[in-house]
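The values are calculated or read from the model by the stated rules, or taken from the named source; none is laboratory data. Everything numeric here is computed off the predicted structure, so don't read it as measured data. Quick reminder, even Gly has a Cβ in these numbers, built from the backbone with ideal geometry, and neighbours come from all protein chains shown. Remember, those area values only see protein heavy atoms, side chains included, never the ligands or the DNA or RNA. Shrake-Rupley method; radii C 1.70, N 1.55, O 1.52, S 1.80 Å.
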Amino acid sequence: AVAIAAVEHVARSAPDARLTLLLAVVAALCSALALLKFSFFPLTIGVWLVGTLLLLARGRRSVATAWFLGLPATMFALWLANGQAIAGIPAYLRTSLEMAAAYGHAMGTSGELSPLVVCAAAAAVVALLLLAWLHVARSARLRALAVAGYIAALVFIAWRASFTRADHAHVGFFLPLCALAIVVVMGFARDLPSAELRRAASFTFVALIAGSLWLVTPVATPETYRKNASYIASIWRSVFDPTSLRAQYEAGRSAVRERLDLPRVRAIVGTQRVDLLTSGQGLVLVNDLSFAPRPVFQSYAAFTPSLLRLNEAYFLGVNAPPYVLLKLEAIDLRYPTSEDSLALLAIWRNYRPVEFERDFVLLQRVGEERNPVRPVPVSYGDAVTGEWIDVPAHGAALILHADIALSASGRIFAALLREPALVMEVALDNGEVRQFRLVRGVAAGGFLLSPFLADERAYLHWAYGERQPGVSQLRFIAPVGWQQRLLMPRMRVGFTPVELRREEGSTLPPALAAALYPGFDLAPIARSGAIEAIVENEAPAMFMHAQATLDFAPRTGRYRVTARYGVRRAAYESAGCADAHADGIRFQIDLLRDNEAAMQMQRTLDPFASDNDRGVQVATIDAMEVRSGDTLRVTAAPGASGNAACDWGYLAELRLQPLSP
């Protein structure tokens, strides 16, 4: 809007070298914005075309020619100055257009109703004002039509940007932008003989500013304004004191690096290339690693099948980085393995974990799998939204593909506001039922459904042989009842098994073992039964549903063994477990030698009958002799009566303190 006003000012004024310089500055700013953030690209194209028309309408042909040729030339110059190739422009435009078009489909979040109503009313008032201007601008109809059309497009783009993610941070700038558009209209309409139009524009401007303050007030406090003023003042002072500015920058960088320091990762990676999934790429930069980003480098933005394939091809290609940092942290409560889903599958087929630091897994490329994952056509079948779908039995990992369409009303809703949210509800084979947000484009591209890997720790446990919960059923619903009609009632759903790289538990590197088993002096070499990582009493533990065993291979020597174990609180606080006559578990530690078991300790816990058996229990073995080839086995078995209902045991700690011979 400001750029259009600047071009109009030049068009109205007498020739002046300073005004030519003004146009050059406007062209540079618009070009830079268009390349920095693609949302500004169509607006820059509009400024370019409308500005040319305004200059021609005032008879400024030479200036119009310079503007028409100069703005794209400036954009190309900035493109080349940033190390880009001219041949890359078509791919940039194609990919950026797809991301921008799908943004409203994938990134929508609902907000409060009152800001929506107020901003919709403001947009309607601006539209009426533009129509009134077109009605009275008979002598300059083409010029008014071009500017009014541009402002209308600007307001609509701002509307979508504000109400796709309808929180205060996004909604707050819609009314100020409308007010700025009104200022532009007032500037263009100043030579028109309509006092009523000018008064209406002035009143609208004041109302929009008042509305802006109303929107900001719920989330702003006097302290908010004080901090903002202090921050602006510090920036202003720094402009005149470059040394201070540099010192502030270095202090901030040092603080961030201290918080995100990855010394072990740096020692392994060295100068080799590394990428990071899913988000938080600043971690790579502050650690001075050689950043090798995939095409769509923020995982949450790979929200269409073609964008997913683009990143997948990068990790399956010959130029894939030797290392990848991984942290599963999906935004907007999305299914954990749905962000950058195909890139994740490519990584889990070709890379193996080698380090774990500050909740980031470092993976190293060891495989040469080049073929992308494709859905199995025969696996597809019809399903109904809102109804439970049985997941086929599977031994390997399972990928879900789902083609879910919007109804006619859903498409209108998506065009005017945002795509309605889609929720996937999953029933896990451990009895849990959980809900997650799902992006339709990601569902069509495919993602790992089962096993359910909640985070990077769950992935590591699974990658080294530990079972993780599987998905037995799922269904797709709308988060709000009335929005169910925005989805088509029928869909196509398919399941495709896939082999992902897994390692033997005995090969678990020490760095990973320390992270995965924080209460253990050594990692298990074998396991049987239902075992998974949990948090009990606000601390990590290994869940062991009787009958379950964990085997360890201590080095030769004498040890004092300490174990912390118990029955999960959820068991003895559940009425359902009491109704099932649950009788607790038998916890036992044996030393296996030459196929014979020597029991070291045994205790039966029945928290349903005795309060003393509740909470964390401690067992100590004072002097245990371990020979070469011995195995230490920890067992969680059913209680005294053999009833396996709610036998939810856990092992929170296993310490082996070496003793003198």
* To do: Would you please list the contacts, defined by Cβ atoms under 6 Å and residues six or more apart or on different chains, that run from a residue in the stretch 239-267 that is farther than 19 Å from VAL361 by Cβ to a residue that is at pLDDT below 80 and of a type in the set (Gly, Ala, Ser)?
  => SER244/SER238; LEU245/SER238
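Might you let me know whether the stretch 354-362 holds any residue that is farther than 19 Å from ALA458 by Cβ and outside any loop (DSSP other than H, G, I, E, B)?
Here is the first cut: in the stretch 354-362, the ones farther than 19 Å from ALA458 by Cβ are none.
No, the stretch 354-362 has no match at all.
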* Picking from LEU438, LEU500, LEU453, LEU449, which residue would you name as being under 25 Å from GLU357 (Cα atoms) and touching a strand residue (DSSP E or B) at 6+ places or on another chain (Cβ under 6 Å)? -> LEU500
* Read through the list (1) without any contact (Cβ under 8 Å) to a residue 60 or more places away in the chain; (2) under 25 Å from GLY187 (Cα atoms), then give the number of the only condition that LEU36 fails. => (2)
* Asked: Name the residues in the stretch 397-433 that are touching a residue at least 60 places away in the same chain (Cβ under 8 Å), touching a strand residue (DSSP E or B) at 6+ places or on another chain (Cβ under 6 Å) and open to solvent by 30 Å² or more (accessible area, probe 1.4 Å), would you?
  -> ASP403
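How many of the residues in the stretch 562-608 are assigned to a loop (DSSP other than H, G, I, E, B) and either small (Gly, Ala, Ser) or over 42 Å from the mean Cα position of the chain (by Cα) (or both)?
Of the stretch 562-608, the ones assigned to a loop (DSSP other than H, G, I, E, B) are 568, 573-574, 580-584, 594-595, 606-608.
Next cut, either small (Gly, Ala, Ser) or over 42 Å from the mean Cα position of the chain (by Cα) (or both) only: 574, 580-584, 594-595, 606, 608.
So the count comes out to 10.
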* Asked: Considering GLU368, GLU387, which residue is open to solvent by 50 Å² or more (accessible area, probe 1.4 Å), closer than 22 Å to ASN311 by Cβ and either without any contact (Cβ under 8 Å) to a residue 40 or more places away in the chain or in contact with a strand residue (DSSP E or B) (Cβ under 8 Å, 6 or more places away or on another chain) (or both)?
  -> GLU368
* **Identity of the residue in the stretch 589-630, over 29 Å from GLU536 (Cα atoms) and without any contact (Cβ under 8 Å) to a residue 40 or more places away in the chain, that ends up surrounded by the fewest Cβ atoms within 10 Å (Cβ to Cβ)** => ASN595
* State all residues of the stretch 540-561 that are farther than 24 Å from ALA644 by Cβ, part of a strand (DSSP E or B) and either open to solvent by less than 40 Å² (accessible area, probe 1.4 Å) or acidic (Asp, Glu) (or both); if no residue qualifies, say none. => PHE552, GLY557, TYR559, VAL561
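Is it the case that some residue within the stretch 140-153 is modelled with pLDDT of 80 or more, in a helix (DSSP H, G or I), among the charged types (D, E, K, R) and closer than 19 Å to GLU8 by Cβ? Don't jump to the end; show me each part of the working.
Filtering the stretch 140-153 down to residues modelled with pLDDT of 80 or more leaves 142-153.
From what is left, the residues that are in a helix (DSSP H, G or I) are 142-153.
Okay, now just the ones that are also among the charged types (D, E, K, R), so 143.
Right, trim to closer than 19 Å to GLU8 by Cβ and you get 143.
Yes, some residue in the stretch 140-153 is modelled with pLDDT of 80 or more, in a helix (DSSP H, G or I), among the charged types (D, E, K, R) and closer than 19 Å to GLU8 by Cβ.
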* Identify all residues within the stretch 303-332 that are open to solvent by 40 Å² or more (accessible area, probe 1.4 Å), in contact (Cβ under 8 Å) with a residue 60 or more places away in the chain and among the aliphatic types (A, V, I, L, M); write none if there are none. => LEU310
* Selection within the stretch 513-539 - within 30 Å of the chain's Cα centre (by Cα), buried (at least 16 other Cβ atoms within 10 Å of the Cβ), modelled with pLDDT under 85 and not β-branched (Val, Ile, Thr) -> ALA513, ALA515, LEU516, TYR517, GLU532, ALA533
